Amino acid sequence: TIYLDHQATTPMDPAVAAAMLTAATECFANPSSPHAAGIRAFREVERARGTVARFLGAGRSEIYFTSGATEGNNLAVKGVVGGGPDARPRHVITTAVEHKSVLDTCRSLRAAGHEVTVLPVDAAGRVDPAAVAAALRPETALVSVMLANNEIATVQPVAAIAELTRAAGVPLHCDATQGVGTLAVDVRALGVDLLTFSGHKIYGPKGVGVLYVSNALSDRAPLAPLLHGGGQERGLRAGTLNTAAVIGLATAVELLAAGREREAARLAGLRARFLGELAGLVPYTLNSGTGEGFLPQAVNLSFAGADAQQLLLEVTEVAVSSGSACNSSAQEPSHVLTAIGLAPERIRGSIRVGFGRFSTEAEAVRAARALAAGVRASAGMAAAQPA
Ligand code: PLP
């Protein structure tokens, strides 16, 4: 299979797997245990925390390990809104194109009596910073805006939004899950107070992620934990740390940091090669941009009249996605493609193609040919077979 679904998840880098095997077999003691073996595990976890902190331009005490971006997003949003000393209803601002782990968390807050403003986006999937500013209220407890979209690759103007939220004294959370692989992510440059990402989108393990919370925010208004128990992660996230996964995530982060810009350019080249090949074979419409303001490795496009889900079942040689694979209820049309104003017909014919570390030019070309053949076959466009 030609795997081009790197927004859903990435294959684990062999260097990560090797680091995890060593960690799991040699560093298995509970990092909270006070004996020598525990202290060794603790030191390894703290080294991993330091690696992640340097990668984000954060302090080590600002990094919390979670089970992934879903937990990180839940903890950021509920932790801030529920963290106040009083129980009065608060207000949260987010966007229509966030991942469900943000949107559904906000919906749960709404059900609990809080108010939520879901801002619209333009045709490119971008939220207007001025719309964020206009939505701010005295009781606004949090703004949550993603760094880059998992379906249409749009990069949001997070730094511009941060200037406005900072001036208003409102914390800003950023789900950076899709951005950390290829974009420069520095929490100070972005100006965010909270930031989340997941290990498995960056060639690391599944089931582990990072939540950054600025010390300034923690000092002012400590987050309310979702999990209570042994007080791990400075009381914010109880439960014995998954040492091997944490070390695997830090190894994945080190590998990213090594050649980010070169790799981003290579991935953009693969995407261009794929689209160029496809253009010569079958008509398509782009649903995402391929220039400035979009992730370099991904593209969303529609084949007119096609049923993408059916197409993906038929083109077994290529693994891409229709709509968002992060969403198990894939039967309903993508909320992201709906938010950018696409007609249901165009959403039905949409696929997302995402290149990754182990993708090659030959794969880009083969994938384009296989998908084009599938589209032509299902549209009855295939050249008549000789009798
Ligand atoms: N946020 C974004 C933007 C994502 O693409 C995903 C993908 O699944 C998540 C959050 C959730 O990450 P996880 O499944 O690792 O919890």
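Structure data summary
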| item | result |
| --- | --- |
| Theoretical ellipticity at 222 nm over the chain - DSSP helices of four or more residues, -39500 (n - 2.57) apiece, nearest 500 | -12500 deg cm²/dmol |
| Other-chain or far-sequence residues with amide H under 5 Å of residue 115's (modelled H) | 90, 91, 92 |
| Dipole-positive endmost among 365, 231, 354 within the chain (Cβ charges, Cα centre) | 231 |
| Dipole axis of segment 14-257 (+1 Lys, Arg; -1 Asp, Glu on Cβ), positive-most option in 64, 191, 160 | 64 |
| Separation between Cα centres of segment 132-203 and segment 14-51, rounded to whole Å | 30 Å |
| Nonlocal amide H pairs with residue 27, under 5 Å, H built at 1.01 Å | none |
| Antiparallel content of DSSP bridges confined to the chain, in %, to 5 | 55 percent |
| Ranked by how many other beta carbons lie within 10 Å on average, peptides 276-282, 158-164 from highest | 158-164, 276-282 |
| Sequence-distant residues sharing a close amide H with residue 294 (under 5 Å, placed H) | 155 |
| Listed peptides 4-14, 112-122 by packing density, highest first (mean Cβ within 10 Å) | 4-14, 112-122 |
| Lys, Arg +1 and Asp, Glu -1 on Cβ, resulting dipole of the chain about Cα centre, debye, nearest 20 | 360 debye |
| Modelled FRET efficiency - R0 30 Å, residue 281 with residue 343, Cβ distances, 0.05 increments | 0.80 |
| Rounded to whole Hz, the Karplus (6.51, -1.76, 1.60) HN-Hα couplings of segment 15-25, x for glycine and proline | 5, 5, 4, 5, 5, 5, 5, 4, 4, 5, 8 |
| Rg to Rh, two decimals, where segment 14-257 supplies the alpha carbon set and Rh follows Kirkwood | 0.98 |
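No value in this document is a laboratory result; all are computed from the given coordinates. This is a predicted model, so every value here is computed, not measured. No Cβ is skipped: glycine too gets one built from the backbone with ideal geometry, and neighbour counts run over all protein chains shown.
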